[in-house]
Amino acid sequence: EALRSRPDKPKQWRTQVCKHWLRGLCKKGDRCAYLHQYDPNRMPVCSFFATYGECTNKDCIFAHRVVEQDKSGECAWYRRGFCKHGSTCRMRHVRREPCPLYLQGFCPDGP
């Protein structure tokens, strides 16, 4: 409990089970920002479910829920013209009207 009240710790201090601890591989011990006890309500999201929308492992212990990403920053790659991550990008993709000069061949401000 004393660890939770420390002002230098992030707000979400130990609110989610440590995925490395689950496999016995966490090397941080008491310094780990994640929970080191099994709690089915605080499991991290299954990476297969998050990526593909489904998990075929019937014994999977991870959470199967849709997580909205916080897309607070704008994607610099998309702004330049192309982002290889597409809809799975962690950043926002902001559509802009292309410059008429760019459509004619060249715009000094870019696309």
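The values are calculated or read from the model by the stated rules, or taken from the named source; none is laboratory data. Note that the coordinates shown come from a computational prediction; the quantities given were computed from them, not determined experimentally. Side chains included, ligands, DNA and RNA excluded: accessible areas come from the protein's heavy atoms. Shrake-Rupley method; radii C 1.70, N 1.55, O 1.52, S 1.80 Å.
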- Determine ³J(HN,Hα), in whole Hz, for all residues of the stretch 95-101 in sequence, where each value follows from phi through the Karplus function 6.51 cos²θ - 1.76 cosθ + 1.60 and θ = phi - 60°; x replaces Gly and Pro. 6, 10, 6, x, 5, x, 5
- Note on the structure: Sequence order, the stretch 37-48: Karplus ³J(HN,Hα) from phi using 6.51 cos²θ - 1.76 cosθ + 1.60, θ = phi - 60°, Hz rounded, Gly and Pro as x, gives 7, 6, 9, x, 7, 10, 6, x, 6, 4, 5, 5
- List every residue whose amide H lies under 5 Å from the amide H of Val45, counting only residues 5 or more places away in sequence or on a different chain, with H placed 1.01 Å from N in the peptide plane. Ala63
- Item | Cut-off under 5 Å, modelled amide H: who pairs with Cys26 long-range | Trp21
- Task: At 1.4 Å probe size, with no ligands or nucleic acids counted, give the accessible surface of Arg23 in Å², nearest ten.
- Result: 150
- Find how many whole Å separate the alpha carbon centroid of the stretch 12-31 from the alpha carbon centroid of the stretch 78-93. 31
